[in-house]
Amino acid sequence: MYLVYFVVTPNPMIEAHNLTKTFKDKKRGVITAVDNVSFTCRPGQIYGLLGANGAGKTTTLRLLATLLQPTTGTCVIAGHDTVRASEQVRAQVGFLAASTALYGRLTAREMITYFGELNGMGDDAIHARIKQLAGELDMHEFLDRRCDKFSTGMKQKTSIARTLVHDPAVMIFDEPTLGLDVMTARAIVKFVRRCRERGKTVIYSTHVMSEVEKLCDIIGIIHDGRLVTEGTLPQLRERYAEPDMEEIFVKAVGGEAAIAAALNR
Amino acid sequence: MNWQAILIVYLKELKDQLRDRRTIISTIVLPTVIMPVMMFGFGVVMTKIIKKAQDEGTNVMIVGSAGAPELIKALKADPKFRVVAETGDYQQRIADKKLRVALELPADFEAQVRVGQPATAAVLYYEGEIKSGIGARELEGFMQKYRTALVEGRLKERGLPLELTKPFELKRRNVAPPEKVGGATIGGFIPYIIIILCFSGAMYPAMDLTAGEKERGTMETLMCSPTSRINIVFGKFLTVLTASVATMVFAMISMAGTALIGGSLFAGKAAAMQSAAAKSASAGFMPTIDPAGMLGVFALVAPVAVFFAALLLTVSLFAKSYKEAQSYAGPLIIVVIIPAVFGLLPGIELSAKTALIPILNLSLVCKEMLSGTWNWPFIGLIFGSSCLYAAIGLAVCVKMFNREDVMFRA
């Protein structure tokens, strides 16, 4: 039984072991933003990280993207340690968050080209890649306009193209549909799904329950820095005896009072 | 460190900065415009004021005029003076700036002088008031000439030679070559201007490339790229340095142009006016400077520019927002100016101690180099210490970029 499991499932692309991140704050003392979080994610899978604001989603993802270093614990992405081989990890990762903005004084094409160059790509490769991404994301119309004049949807599409210019094996999306209109949000969800079909490893954080239900293969619920539960949607439904994702979430984190308490902190 | 990656970051930042109006203003427009405005504006206003004061002539009141009709006649014949009617409130009128000077004479002044009794004439003026000061000098000059004429008249009457009052001649001769005079008069001023320009030129790009990027959210995007942070730091640093040097170069070109055009302009005006005061004013505009000294100044400014770029990057990297960065970098200007001003003070000379004080050492050695004195041991010491400070600044800057509590300061 175990043998079969290993043969059909590819090796994990992301392996997080006991990740913990603490910050020192002058007023509140030591804050544990991420508390002993472990999970794995395989190619062709979308791992959904679900949590309220301030639950520790963004910090976890920043640890994966090597922007922050874990206080304790380790993380291996595509065979590289995020602390010891951060450059190799970043070459395999595309990171998109609300906090990763565009250069307003560059055009979309210049923006994507810059990140292609930083990834060590040649001019021809960048040119071909931009053509491909602009087609998939329907960006041709605004490709040569400056980013500071873009609508939210145009910005998000450009950001996605920037994230994917080097064709990374791992994609980390931190609330990518936040503040977008329905049509653009749908286009982005569709795009993320296509990434899975191509065998990419995707981590997708959100607090929109419907997106989790539609998109994610494995769902991890994070609360107060801790990964409180993890499993496929059917597994979670069974575990909490609830069909609805929102109800599952509330039960998993310990009721509405726990959410309110965490938000007030 | 990967030079190709550094070049990629540098070229992108340069393009980005050239599209930023604030940077264009602070690195190109301001340094180009400020020199001509300062030199012409100041020059024109000063020349006008002096000319006006001379055209008007000095109004002078003679107190005790009844006793000196001959003196008054001579004074009235001089076009430089306008003699006004005598009133009792002359001291008040000088204070009110209605009257420039007054001449106080004893009631029987000329009678006393004729019989050879010692008499005292007093020139009344208002210290610190420019027009009154000029008037007092002119009146004194007139009175001295008048006295000499009286003495010479008396000697002639008695058939004595004029040399009796002048046993020897006294002359004053300048031995300083023109470039030394130039070095001393504007040699202190030039490094002072360069230091400020270097700093202000680096300020806006430094803030924009660090705190500005954090505020706009592009810093995190940049750090997601696989290139290592040291390449990012150096790319940004070179951009700031370029802006700093560009500011200086634009200012120097503009300054040289202004001096060339302005010099001939003022010389022409002065000749037309034919007045001593205007001539001396315009002569001050065109002191010659040793070109080799100018090259030396640039060589020594280079490590200081590096230091400024690193310092400003470090300080503004710490800030969360552009506004916060401004509140750190603004006061720094004063910190930089103070040692530069100290270098202008008389009596502060280059020594082994002052050669190690950043900025002050630059200010002092530039003054010397521009006047043609090359004190090689000190120049070496200053260049070396400046390079050391610059290297420390850069190292701290790289360290800051690697600190996540600085990069993600909430």
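Counting other beta carbons within 10 Å of each Cβ, put B:Thr148, B:Thr32, A:Thr100, B:Thr247 in order, fewest first. Walk me through the numbers before you get to the answer.
Details: B:Thr148 13, B:Thr32 18, A:Thr100 21, B:Thr247 29.
So the residues, fewest neighbours to most, are B:Thr148, B:Thr32, A:Thr100, B:Thr247.
Treating only the Cβ of Lys, Arg, Asp and Glu as charged (+1, +1, -1, -1), what charge dipole size does chain B show about its Cα centre? Round to the nearest 20 debye. Display every interim value, and only then the final one.
Working: 42 positive and 32 negative charges, 91 e Å.
Once rounded to the nearest 20, the dipole reads 440 debye.
Note on chain A: GNM, Cα springs under 10 Å; of A:Ala169, A:Ala128, A:Ala85, the largest mean-square fluctuation is that of A:Ala128.
Spatial offset of region B:50-120 relative to region B:326-387 amounts to 51 Å, using the alpha carbon center of each. Residues in region B:191-199 carry Karplus couplings, in order, of x, 4, 5, 4, 4, 5, 5, 4, 6 Hz; the curve used is 6.51 cos²θ - 1.76 cosθ + 1.60 with θ = phi - 60°, and Gly or Pro positions show x.
Count the DSSP beta bridges whose two residues both fall in the protein assembly as shown, then state the antiparallel fraction as a percent rounded to the nearest 5.
Working: 25 of 51 bridges.
The antiparallel fraction comes to roughly 50 percent.
Could you tell me how far the Cα centroid of region A:96-119 sits from the Cα centroid of region A:31-80, in Å? Between the Cα centres of region A:31-80 and region A:96-119 lies a distance of 24 Å. Each residue of region B:374-385 was assigned a 3J(HN,Hα) from its phi angle through the Karplus curve 6.51 cos²θ - 1.76 cosθ + 1.60 (θ = phi - 60°); the sequence is 10, 9, 4, x, 5, 4, x, 4, 5, 4, x, 5 Hz, with glycine and proline shown as x. Averaged over peptide A:105-112, the number of partner chain Cβ atoms lying within 10 Å of each residue's Cβ comes to 2. The share of C-alpha pairs in the protein assembly as shown whose separation exceeds 50 Å stands at 41 percent.
Less than 12 Å Cβ to Cβ from A:Val76, Lys/Arg counted +1 and Asp/Glu -1: what total charge do the surrounding residues give?
Working: positive: A:Arg84; negative: A:Glu15, A:Asp81.
Result for the local shell: -1.
In the structure shown, do any of B:Lys80/B:Lys145; B:Lys15/B:Lys323; A:Lys27/B:Lys214; A:Lys149/B:Lys399; A:Lys200/B:Lys399; B:Lys51/B:Lys367 have a Cα-Cα gap over 25 Å, and if so which? Could the numbers behind the result be given before it?
Values: B:Lys80/B:Lys145 14 Å; B:Lys15/B:Lys323 23 Å; A:Lys27/B:Lys214 23 Å; A:Lys149/B:Lys399 35 Å; A:Lys200/B:Lys399 35 Å; B:Lys51/B:Lys367 32 Å.
Check vs 25 Å cut-off fails for A:Lys149/B:Lys399; A:Lys200/B:Lys399; B:Lys51/B:Lys367.
The calculated pair-distance distribution of chain A uses every alpha carbon pair, bins of 5 angstrom beginning at 0, and gives 1, 6, 12, 16, 18, 17, 13, 9, 5, 2, 0, 0 percent. As a proxy for reagent exposure, ranking A:Leu164, B:Leu311 by other Cβ atoms within 10 Å from fewest up yields A:Leu164, B:Leu311. Using the alpha-carbon positions of chain B, Rg (one decimal) and Dmax (whole number) come out as 30.7, 104 Å.
222 nm [θ] for the protein assembly as shown, helices only, -39500 (n - 2.57) per DSSP H run of 4+, per residue, to 500? Don't jump to the answer; show the numbers that get you there.
Values: 29 runs with 387 residues, N = 675.
Per the formula, -18500 deg cm²/dmol.
Here the Karplus relation 6.51 cos²θ - 1.76 cosθ + 1.60, evaluated at θ = phi - 60°, turns the backbone of region B:20-25 into coupling constants of 9, 4, 4, 5, 4, 5 Hz, with x for every Gly and Pro. Kirkwood hydrodynamic radius of region A:123-265, from the reciprocal of the average inverse Cα-Cα distance over all distinct pairs: 17.2 Å.
Going by how many other Cβ atoms sit within 10 Å of their own, how do B:Lys145, A:Lys24, A:Lys251 line up, fewest first? Intermediate values should be presented prior to the final figure.
Numbers: B:Lys145 12, A:Lys24 9, A:Lys251 16.
So the ranking, lowest neighbour count to highest, is A:Lys24, B:Lys145, A:Lys251.
Sketch the reach of a paramagnetic label on B:Leu150 as a point 7 Å from Cα along Cα-to-Cβ, and name the residues of region B:97-116 whose backbone nitrogen lies under 17 Å away. Residues B:103-116 fall inside that zone.
With both residues required to sit in region B:57-165, DSSP beta bridges show an antiparallel share near 25%.
Across peptide B:9-22, the mean count of Cβ atoms from other chains lying within 10 Å of each residue's own Cβ comes to 3.
Computed over the alpha-carbon pairs of region B:1-53, the distance histogram in 5 Å steps reads 4, 17, 13, 12, 11, 10, 9, 7, 6, 5, 4, 3, 1, 0 percent, short to long. Principal semi-axes of the equivalent ellipsoid, √(5λ) from the alpha carbon gyration tensor of region B:57-165, are 27, 15, 11 Å from largest down.
Could you give the size of the charge dipole of chain A about its Cα centre, using +1 on the Cβ of each K and R and -1 on the Cβ of each D and E, expressed in debye and rounded to the nearest 20?
Working: 33 positive and 30 negative charges, 113 e Å.
In debye, rounded to 20, chain A gives about 540.
Our summary gives region B:57-165 a relative contact order of 24 percent, counting only alpha carbon pairs under 8 angstrom and 6 or more residues apart. Residues whose amide H comes within less than 5 Å of that of A:Met171, counting only those at least five positions distant or on another chain, are A:Gly94, A:Thr201, A:Val202, A:Ile203 (H built at 1.01 Å from N in the peptide plane).
Treating only the Cβ of Lys, Arg, Asp and Glu as charged (+1, +1, -1, -1), what charge dipole size does the protein assembly as shown show about its Cα centre? Round to the nearest 20 debye. Numbers along the way, then the final one.
Details: 75 positive and 62 negative charges, 250 e Å.
Roughly 1200 debye, rounded to the nearest 20.
Every read-out reported here was derived from the displayed coordinates using simple, explicitly stated rules and does not represent laboratory data. Just so it is clear, the structure is predicted and the values come from calculations on it, not from any experiment. As a convention, Cβ positions derive from the backbone with ideal geometry for all residues, glycine included, and neighbour counts pool all protein chains shown.
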